[in-house]
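Enquirer: Dropping a structure here in structure tokens format, bear with me for questions.
The values are calculated or read from the model by the stated rules, or taken from the named source; none is laboratory data. Source: prediction; values computed, not measured. Note that each Cβ is placed from the backbone with ideal geometry, even for glycine, and that neighbours are counted across all protein chains shown. Note: areas computed on protein heavy atoms with side chains; ligands, DNA, RNA excluded. Shrake-Rupley method; radii C 1.70, N 1.55, O 1.52, S 1.80 Å.
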Amino acid sequence: MDIQSIMHPDCDVSLRLVSDADFAVFFAIYGDPEVMRHIGRTLDESQARSYLQQTLLVHQDKQPKYLTWVIENVSDGEAVGLVGAHWQQPALRNEVDVGVMILANWRRQKKAHQAKALLINQLIRQPEIEQVVVRCWVDNLAAMEANAGLGLKKGQRYVDRKTGQLCQQWHTQDPLSLVPKSGTFWC
């Protein structure tokens, strides 16, 4: 899959694959304990730089196990967060996880919601993808509400092996559940 950028004229955000020039937003996300409190541990500057370099290398794989996009505000091009796709089974590629991380000053402005909708709509149009999965900690009420608002179906709850947190799985109800039926796009 070669999706360098994703946009739609009705959306306030656009997505572009992360590059080496995006270290500032990458570190702002991964280095912020508030942003990471429902995701995992924070990274120091050196760890974030190393992880960005690893991400850029993974992007070069023929079938990358994950892809990361910068979420940009359309009106001014400012980076507002990151959104990613992760294949649990990279060789199979029929199921992909989507996750979003938004900078604190851009929360509650629907930017994360729009970015997730843009990416999910793009992914489910790929012929090999049968289902998009979103996972969040049960105590992340904003993410739980956002996933329901996207029309995702609640799946199983499970305990994350790395963090010990109780998580909720959400998924597309069928391969076309988020593709607009009227021909208009929603964000």
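Enquirer: Within segment 157-173, does at least one residue satisfy the condition of being open to solvent by 40 Å² or more (accessible area, probe 1.4 Å), modelled with pLDDT under 90, among the hydroxyl-bearing types (Ser, Thr, Tyr) and closer than 19 Å to His38 by Cα?
Expert: There is at least one residue in segment 157-173 that is open to solvent by 40 Å² or more (accessible area, probe 1.4 Å), modelled with pLDDT under 90, among the hydroxyl-bearing types (Ser, Thr, Tyr) and closer than 19 Å to His38 by Cα.
Enquirer: Something else now. Filter segment 6-26 down to residues that are free of Cβ contacts under 8 Å to residues at least 24 places away in the same chain and under 17 Å from the mean Cα position of the chain (by Cα), then give me how many there are.
Expert: Summing the residues that are free of Cβ contacts under 8 Å to residues at least 24 places away in the same chain and under 17 Å from the mean Cα position of the chain (by Cα) in segment 6-26 gives 0.
Enquirer: Sort through Arg125, Arg107 and tell me the only one that's open to solvent by 30 Å² or more (accessible area, probe 1.4 Å), charged (D, E, K, R) and touching a residue at least 40 places away in the same chain (Cβ under 8 Å).
Expert: Answer to the check: Arg125.
Enquirer: Can you run down the residue pairs with Cβ atoms below 8 Å, 6 or more apart or on separate chains, where the first is in segment 29-40 and farther than 15 Å from Thr68 by Cβ and the partner is open to solvent by 30 Å² or more (accessible area, probe 1.4 Å) and among the small types (Gly, Ala, Ser)?
Expert: Asp32/Ala104; Glu34/Ala104
Enquirer: May I pose another question? May I ask you to list the residues in segment 72-104 that are open to solvent by less than 30 Å² (accessible area, probe 1.4 Å), of a type outside the set (Val, Ile, Thr) and closer than 16 Å to Val134 by Cβ?
Expert: The answer is Gly81, Leu82, Gly84, Ala85, Trp87, Asp97, Met101.
Enquirer: Among Asp44, Asp32, which is the only one that is farther than 23 Å from Cys136 by Cα and surrounded by fewer than 16 Cβ atoms within 10 Å (Cβ to Cβ)?
Expert: Asp44
Enquirer: Another question, if that's okay. Tell me, which helices (runs of 4 or more DSSP H) lie completely within segment 1-115 with 1 or more residues that are at pLDDT below 90?
Expert: Because the criterion is at least 1 residues that are at pLDDT below 90, the helices (runs of 4 or more DSSP H) in segment 1-115 that meet it are 33-36.
Enquirer: For segment 132-154, give me the residue count where each residue is open to solvent by less than 50 Å² (accessible area, probe 1.4 Å) and more than 19 Å from Ile39 (Cα to Cα).
Expert: Residues that pass the stated criteria total 3.
Enquirer: Right, another one. Can you find even one residue in segment 1-19 that is closer than 13 Å to Gly81 by Cβ and open to solvent by 40 Å² or more (accessible area, probe 1.4 Å)?
Expert: For segment 1-19, residues closer than 13 Å to Gly81 by Cβ and open to solvent by 40 Å² or more (accessible area, probe 1.4 Å): present.
Enquirer: Ok, one more. Going through segment 47-71 one residue at a time, which ones are touching a Pro at 6+ places or on another chain (Cβ under 6 Å) and under 21 Å from Cys136 (Cβ atoms)?
Expert: Hit for segment 47-71 is Lys65, nothing else.
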